[in-house]
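Shown next, in structure tokens, is the structure this report addresses.
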Amino acid sequence: MANNYSCVIVDDEQDACDLLKNRITDLYNHIKVTATYLSWAEALQGLRENKTDLLFLDISMPGKTGIEILHMLPQLDCEIIFVTAHEQYALDAFAFSTSGYILKPVKDQLLVKATDKAIERIEHKRLARQSKEAKEAHPLLNEKIGVPGNSGIDYVTLSDIMYLESVNKCTRIVTTKAEFLSSFQIGKFKEHVNRLPFFQVHRSYIINLNYIQSYKSIGTIVMANRTEIPVSRAERTEFLKIFNSEF
């Protein structure tokens, strides 16, 4: 299951907006085009007032260029993909650390490459934000634990752990940054996290509740990294009580 993303298109040509919107909609069912703007003034106001995950931005437009618009929005927090008929703006565009620079007419393979890169960067930012919020809500999550492995000990911050998985009497620790395999069984880790926002949803899985993306009525949890984890029937009722939800 994919996460959902909002998207804005800025281009002074209605046909270009419509064409790009249709291509995005056809290629990605989890990206919603929330607005299209045909002038720099509309775009400036809209982007100031409404947040978006992803911005497709033309460069050469009447009045002000797309690059000038970005200079007027220093606090803009979204991934940017330039879509333009002009090659000569590429160096100026990449000063904004964009996810892509696509020349018109837009080819699907280049659109997908840039969009996939943008989604990956959005996910990294979301995970970083979730980790920061978790640390602020639970100060103990700032603590580190030692994870013994074959080559030594890795030290992992508790708030970075997304879930623990039992694998052949060992434990796989999946964090926001990396994965580790510990020679300790999962029960040993449960002792470290039982006072924190972790929940054992299955005999083989302990999850960090801060990284839950969604719950499926078939009995699986989708984590922030899109991994699906089963919830055992024995734990399902207790798990759902945490969120006071009915499914």
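The values are calculated or read from the model by the stated rules, or taken from the named source; none is laboratory data. The model shown is predicted, which means the values in this text are computed figures rather than measured ones. All Cβ positions, glycine included, derive from the backbone under ideal geometry; neighbour counts span all protein chains shown.
Here are the numbers for this structure:
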quantity	calculated
Top-ranked residue in region 197-216 [being without any contact (Cβ under 8 Å) to a residue 40 or more places away in the chain and of a type outside the set (A, V, I, L, M, F, W, C); ranked as farthest from ASN168 (Cα to Cα)]	TYR215
Exclusive hit being exposed (fewer than 15 other Cβ atoms within 10 Å of the Cβ) and among the basic types (Lys, Arg), set LYS107, LYS117, LYS64	LYS107
Test: residue in region 10-27 that is at pLDDT 95 or above, within 19 Å of SER99 (Cβ to Cβ), assigned to a loop (DSSP other than H, G, I, E, B) and not assigned by TED's automatic domain parsing to the domain that holds LYS216	yes
Qualifying residues in region 10-24 (those that are charged (D, E, K, R) and more than 28 Å from the chain's Cα centre (by Cα)) - the one farthest from LYS107 (Cα to Cα)	ASP12
Restricting region 150-176 to residues that are more than 26 Å from GLU228 (Cβ to Cβ) and more than 27 Å from the chain's Cα centre (by Cα), the residue that is modelled with the lowest pLDDT	ASN150
Cβ-Cβ under 8 Å pairs, at least 6 apart or on other chains, region 155-171 side without any contact (Cβ under 8 Å) to a residue 40 or more places away in the chain and on the phi > 0 side of the Ramachandran plot, far side of a type in the set (S, T, N, Q) and surrounded by fewer than 23 Cβ atoms within 10 Å (Cβ to Cβ)	LYS169/GLN185
Positions within region 183-238 being under 19 Å from ASP160 (Cα atoms), assigned to a helix (DSSP H, G or I) and among the acidic types (Asp, Glu), in sequence order	GLU191
Count - residues of region 168-221 that are charged (D, E, K, R), surrounded by 15 or more Cβ atoms within 10 Å (Cβ to Cβ) and in contact with a helix residue (DSSP H, G or I) (Cβ under 7 Å, 6 or more places away or on another chain)	0
Selection within region 69-106 - among the aromatic types (Phe, Trp, Tyr), out of contact with any Leu (no Cβ under 8 Å at 6 or more places or on another chain), modelled with pLDDT under 90 and within 23 Å of TYR5 (Cα to Cα)	PHE94
Members of region 45-61 found to be outside any loop (DSSP other than H, G, I, E, B) and either surrounded by 18 or more Cβ atoms within 10 Å (Cβ to Cβ) or touching a residue at least 40 places away in the same chain (Cβ under 8 Å) (or both), listed by number	LEU47, LEU54, LEU55, PHE56, LEU57
Any chance LEU196 is at pLDDT below 90, touching a Leu at 6+ places or on another chain (Cβ under 8 Å) and over 29 Å from ILE119 (Cβ atoms)	yes
ARG23, sole failed condition from (1) of a type in the set (Lys, Arg); (2) closer than 29 Å to THR227 by Cα; (3) surrounded by fewer than 16 Cβ atoms within 10 Å (Cβ to Cβ)	(3)
Odd one out for ILE9 among (1) buried (at least 19 other Cβ atoms within 10 Å of the Cβ); (2) β-branched (Val, Ile, Thr); (3) out of contact with any Lys or Arg (no Cβ under 8 Å at 6 or more places or on another chain)	(3)
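For (1) assigned to a loop (DSSP other than H, G, I, E, B); (2) in contact with a Gly (Cβ under 6 Å, 6 or more places away or on another chain), each residue gets a yes or a no:
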{"site": "ALA35", "(1), (2)": "no, yes"}
{"site": "ALA41", "(1), (2)": "no, no"}
{"site": "LYS64", "(1), (2)": "yes, no"}
{"site": "ILE69", "(1), (2)": "no, no"}
{"site": "LEU76", "(1), (2)": "yes, no"}
{"site": "PHE82", "(1), (2)": "no, no"}
